[in-house]
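Participant: A single structure is presented below for examination.
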Amino acid sequence: MAKNITPRSENYSQWYLDVIKAGQLADYAPVKGCMVIRPSGFAIWEAMQARLDRMFKETGHVNAYFPLLIPQEFLNREAEHVEGFSPECAVVTIGGGKELEEPLVIRPTSETVIGHMYAQWINSYRDLPVLINQWANVMRWEKRTRLFLRTSEFLWQEGHTAHETYEEAQEETLKMLEVYRSFQEDDLAIPVIPGQKSEAEKFPGALSTYTVEAMMQDGKALQSATSHNLGQNFAKAFEIQFLDRNNQQSLAWTTSWGSSTRMIGGLIMTHSDDDGLILPPRIAPVAVALVPIFSNDQERTQTLEFAEKIKQRLAEHLDHLRIQIDDRDNLRPGDKFFHWIQQGVPVRLEIGPRDVKQQSAMVARRDVRDKKLVPLDEIADHVMRLLQQIQQDLYLRALDFREANTRTAKNYGEFKEILEQEGGFIRAHWNGSREVEDQIKNETKATIRCIPLNDQPEAGKCILTGEPSKQEVIFAIAY
């Protein structure tokens, strides 16, 4: 057990922060609530960004960029939207040493400014659909912050699309939800539950909001990404109109969808252990670390040359940038091993003088800490199989944990008992009432994380009122 990391069983919140510090992922900025993302943390974000960006483009989307500053009047046009975000907005009132005629809001999200531009670009049904994504930073003046999970400024992507019909907008909304589900499960090895948000939890101004919800190791839920069907609300506010196929003026149907650096927090809390970070191979910036072990110049030369030979063989299957040789002279082998463990690198190869003579290397897994001596001729195939195995094992381990910590409550007393004693996800019937949802939240802090999309609806009775319920929903205490 690492001495620089608080065990999860003692203090989960401190463990999380210790893993970030030990992995050199991020640090606190001089401005309260903001963070500095260090190179190791930013490399993870770049890997996420590269994969998601490719997936977006494969579904027909293109990237653009919109301004950081938004006229305050834009937010006032969409009353529900500004009501949802106004407590979190940072407002600029002075520019160039003078008071501005109109205050400017630092974007909490970009629906309004993008709606303004779409109104100028869209004139006919032939201009639709518009499928644009933006990689950007946003500002939300959070009162309680935690690195990656909730900071005043964070990095994200926000997709914004405009369509001819409701059906097309709904198809887009669910298509992007599936992109997020696939990315979370296939690349991050995080099992998620796709579902629809309740009215109380949906995005301000949206017709409907969909989410992918994940369970962290402390049993709490994390909203990993969201996709919103905005209906015609923003089209009305910003007059996004077009001449339809019947030569009539119609309002566009719009969507938005997004994910952020919060995913790094989810990655940490899903897979890591008391020794530090654990990264799934598909998203790890460094998938394989080669550690030469030497005590003199001759051994240094021999082990480095052998390490380079192994790297070249691995590079036939894996991007050479994801294979790193640790040739530092100022650290003992144990310190190097410890460094790569806390960086979460999936596979480590230890290469000493004896290994050079035997033409082999000791291959170590980060997740379960197994080691195996592998001959040079078998190393490339062995490591590639091992990376695939680690990816699958991490997902299955997280899935088993979620299933073991998902329970069903038949009544409110049982519901509260599960929350107090065990936590995790709770499946329970709910009558669809905002009042009931608010009461449960106020009394237990648990919220409806989603109405699962993949469930077969089964009628029952609301745990609080006993009134009819169409299907179970997922409750949990969330980050």
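The values are calculated or read from the model by the stated rules, or taken from the named source; none is laboratory data. Small disclaimer: the values here were computed from a predicted structure and weren't measured. Glycine also receives a Cβ, built like all others from the backbone with ideal geometry; neighbour counts cover every protein chain displayed. Quick note on the areas: whole protein, heavy atoms, side chains included, nothing else; ligands and nucleic acids left out. Shrake-Rupley method; radii C 1.70, N 1.55, O 1.52, S 1.80 Å.
Participant: Pop out the ³J(HN,Hα) list for the stretch 330-345 in order, Karplus 6.51 cos²θ - 1.76 cosθ + 1.60 with θ = phi - 60°, rounded to Hz; leave Gly and Pro as x.
Facilitator: 9, 10, 6, x, x, 5, 5, 4, 4, 4, 6, 4, 6, 7, x, 5
Participant: Running Debye on the stretch 169-227 with equal point scatterers at the Cα sites and no solvent, what base-10 log of I(q)/I(0) appears at q = 0.17, 0.19, 0.24, 0.26 Å⁻¹?
Facilitator: Summing over Cα pairs of the stretch 169-227 leads to -0.55, -0.67, -0.97, -1.07.
Participant: Please compute the volume of the convex hull spanned by the alpha-carbon atoms of the stretch 94-178 and report it per residue in Å³.
Facilitator: 153
Participant: May I ask for log10 I(q)/I(0) of the stretch 272-362 at q = 0.13, 0.19 Å⁻¹, from a Debye sum over the Cα atoms as equal point scatterers with solvent left out?
Facilitator: Relative scattering, expressed as log10 I(q)/I(0), comes to -0.42, -0.86.
Participant: If amide H atoms are built 1.01 Å from N in the plane of the peptide, which residues on other chains or at least 5 residues away come under 5 Å of the amide H of Cys34?
Facilitator: Close amide H contacts, sequence-distant or interchain: Ala29, Ser152.
Participant: Cut-off 14 Å, label point 7 angstrom out along Cα-to-Cβ of Ser208: give me the residues of the stretch 162-176 whose amide nitrogen falls inside.
Facilitator: Backbone N within reach: 166-176.
Participant: For Cα extents along the principal axes in Å, the choices are (1) 63, 51, 46; (2) 79, 57, 48; (3) 74, 58, 48; which was calculated from the structure?
Facilitator: Of the listed options (1) 63, 51, 46; (2) 79, 57, 48; (3) 74, 58, 48, (2) comes from this structure.
Participant: Separate question: Output the Kirkwood hydrodynamic radius of the stretch 299-443, Cα pairs only, in Å rounded to one decimal.
Facilitator: Result for the stretch 299-443, one decimal place: 19.0 Å.
Participant: Distance check, please: which entries in Lys57/Lys371; Lys143/Lys410; Lys21/Lys309; Lys21/Lys445; Lys143/Lys220 exceed 31 angstrom between their Cα atoms?
Facilitator: Exceeds cut-off: Lys57/Lys371; Lys143/Lys410; Lys21/Lys309.
Participant: Relative to the longest principal axis of the C-alpha atoms of the chain, give the angle of the C-alpha long axis of helix 412-421, reported between 0 and 90° and rounded to the nearest 10°.
Facilitator: With both axes taken from Cα atoms, the answer is about 30 degrees.
Participant: Pop the C-beta distance of Asp370 and Glu420 into the FRET formula with R0 = 45 Å and round what comes out to the nearest 0.05.
Facilitator: Efficiency, from the Cβ-Cβ distance: 0.75.
Participant: Suppose R0 equals 30 Å. What FRET efficiency, 1/(1 + (r/R0)^6) with r the Cβ-Cβ distance, do Arg332 and Asn137 give to the nearest 0.05?
Facilitator: The formula returns an efficiency of 0.15 here.
Participant: Here's a follow-up. Report the gain in length on full extension from Tyr166 to Lys410: 0.36 nm times residue separation, minus Cα-Cα distance, nm rounded to one decimal.
Facilitator: Extra length from Tyr166 to Lys410 when fully extended: 84.2 nm.
Participant: Using the Cα centre of the chain as origin and beta-carbon charges of +1 (Lys, Arg) and -1 (Asp, Glu), tell me which of Val138, Ala398, Met117 is placed farthest towards the positive end of the dipole.
Facilitator: Towards the positive end, the residue furthest out is Ala398.
Participant: Grab the beta carbon distance between Val91 and Arg385, set R0 = 60 Å, and tell me the FRET efficiency rounded to 0.05.
Facilitator: 0.65
Participant: A further question on this structure: How would Lys202, Lys372, Lys220, Lys143 rank on accessible area, largest to smallest, probe 1.4 Å?
Facilitator: Ranked list, largest accessible area first: Lys143, Lys372, Lys220, Lys202.
Participant: With each label point set 7 Å from Cα along the Cα-Cβ vector, what nm distance links Glu10 and Glu308?
Facilitator: 4.4
Participant: A follow-up question, please. I want to make sure I understand the PRE zone here: with the label point 7 angstrom from the Cα of Arg300 toward its beta carbon, which residues in the stretch 320-341 have backbone N atoms less than 19 Å away?
Facilitator: 325-337
Participant: In the chain, what percent of the accessible surface is made up of carbon and sulfur (1.4 Å probe, ligands and nucleic acids excluded)?
Facilitator: The nonpolar share, carbon plus sulfur, comes to 47 percent.
Participant: To continue, here is another question. Per DSSP H run of n ≥ 4, the term is -39500 (n - 2.57); total these for the chain, divide by its residue number, and report the mean residue ellipticity at 222 nm rounded to 500 deg cm²/dmol.
Facilitator: -11000 deg cm²/dmol
Participant: Output ³J(HN,Hα) for the stretch 23-37: one whole-Hz value per residue in order, computed from phi by the Karplus curve 6.51 cos²θ - 1.76 cosθ + 1.60 with θ = phi - 60°, and x for Gly and Pro.
Facilitator: Listing the rounded values in order: x, 6, 8, 7, 8, 6, 8, x, 7, 4, x, 9, 10, 9, 8 Hz.
Participant: With no solvent and one point on each alpha carbon, what is the Debye value of log10 I(q)/I(0) for the stretch 130-259 at q = 0.16, 0.21 Å⁻¹?
Facilitator: The Cα Debye sum returns log10 ratios of -0.87, -1.32.
Participant: What is the Cα coordinate range of the stretch 1-123 on the first, second and third principal axes, sorted by size from largest, in whole angstrom?
Facilitator: 61, 42, 30
Participant: Keeping every protein chain present and rolling a 1.4 Å probe, give me the accessible area per residue for the chain in Å².
Facilitator: I get 46 Å² per residue for the chain.
Participant: If each of Gln241 and His317 carries a label point 7 Å out from its Cα toward its Cβ, how far apart are those two points in nm?
Facilitator: Inter-label distance under the simple model: 6.2 nm.
Participant: In nm, what is the difference between 0.36 nm times the number of residues separating Ser433 and Asp127 and their Cα-Cα distance?
Facilitator: Length difference between fully extended and current span is 106.2 nm.
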